[in-house]
1. Looking at region 22-53, which of the residues that are modelled with pLDDT of 90 or more and polar (S, T, N, Q) is surrounded by the fewest Cβ atoms within 10 Å (Cβ to Cβ)?
2. Starting from region 61-77, take each residue that is closer than 10 Å to residue 20 by Cβ and list its partners that are buried (at least 16 other Cβ atoms within 10 Å of the Cβ) and of a type in the set (Phe, Trp, Tyr), counting only C-beta distances under 7 angstrom and pairs at least six apart or across chains.
3. State yes or no: is residue 18 in a loop (DSSP other than H, G, I, E, B), more than 15 Å from the chain's Cα centre (by Cα) and of a type in the set (Val, Ile, Thr)?
4. State which residue is nearest to residue 60 (Cα to Cα) when the search covers only region 117-135 and only residues that are within 16 Å of the chain's Cα centre (by Cα) and free of Cβ contacts under 8 Å to residues at least 40 places away in the same chain.
5. Is it the case, given these coordinates, that residue 108 is in a helix (DSSP H, G or I), more than 30 Å from residue 10 (Cα to Cα), in contact (Cβ under 8 Å) with a residue 24 or more places away in the chain and within 16 Å of the chain's Cα centre (by Cα)?
6. Within region 51-75, can you find the residues that are assigned to a helix (DSSP H, G or I), in contact with a helix residue (DSSP H, G or I) (Cβ under 6 Å, 6 or more places away or on another chain) and over 19 Å from residue 143 (Cα atoms)?
7. Give all pairs with beta carbons closer than 6 Å in which a residue from region 38-49 that is more than 17 Å from residue 130 (Cβ to Cβ) meets a residue that is at pLDDT below 95; count only pairs at least 6 apart in sequence or on separate chains.
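The values are calculated or read from the model by the stated rules, or taken from the named source; none is laboratory data. Every value quoted in this text rests on a predicted model; they were computed, and no experiment measured them. Cβ coordinates were reconstructed from backbone atoms using ideal geometry, including for glycine residues, and neighbour counts include every protein chain displayed.
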Amino acid sequence: MKKIGILILLVFIAIQFIRPKKIQSIGVDKDDIVFTTGVPKETWQNIQRACYDCHSNKPNYPWYFNIQPIGWWINNHMEEGRHHLNFSEFNSYKLGRKRHKLEEVAESVTEHWMPLSSYLWIHKNARLSDKELKAIADWANMERSMLPPPDKEELEWLEKKKKKNKD
């Protein structure tokens with residue numbers, strides 16, 4: 001039994017040297033949503049506070065990120081978040097994707113499924129009031145309405161996607 005305990009301890013120590021790569025850009029990325037939209041300063045600050053850890057190239061890594069396997073789990077979660085929506089790369093998105101992501105931003109804060117409750121357990125400063133959530137949703141809907149309408153190619157793609165989702 002003692003040997004198993006020692007083996008577990010050695011494995012735990014060994015995995016501390018296998019760390020996920022940290023993503024950290026310096027300054028504000030040229031494709032960041034703040035440069036490409038008319039996001040009000042207070043709304044942008046709230047988005048940064050509640051969303052940027054998982055949805056940008058500028059996360060704040062907590063101290064426990066350095067403890068494995070917790071760091072692996074957090075890193076995986078952050079990569080999934082950036083894959084789904086990356087505010088730092090928003091300007092590089094095609095119009096259809098921008099339109100869709102802005103719709104999702106509004107829906108996610110209106111429906112209260114973002115920020116994730118599991119994230120809010122530890123990150124109390126990411127809690128947003130109903131007023132702040134509404135401001136984000138209103139801004140996202142306004143930005144979406146200001147984008148040019150879909151062109152013929154995008155409309156055809158959307159129809160195919162709708163058809164595929166029905167099947």
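1. Residue satisfying both the conditions and the ranking: 45.
2. 71/65; 74/65
3. Numbers: in a loop (DSSP other than H, G, I, E, B): yes; more than 15 Å from the chain's Cα centre (by Cα): yes; of a type in the set (Val, Ile, Thr): yes.
Criteria met by residue 18.
4. 120
5. no
6. 54, 64, 65, 70, 71, 74
7. 44/34
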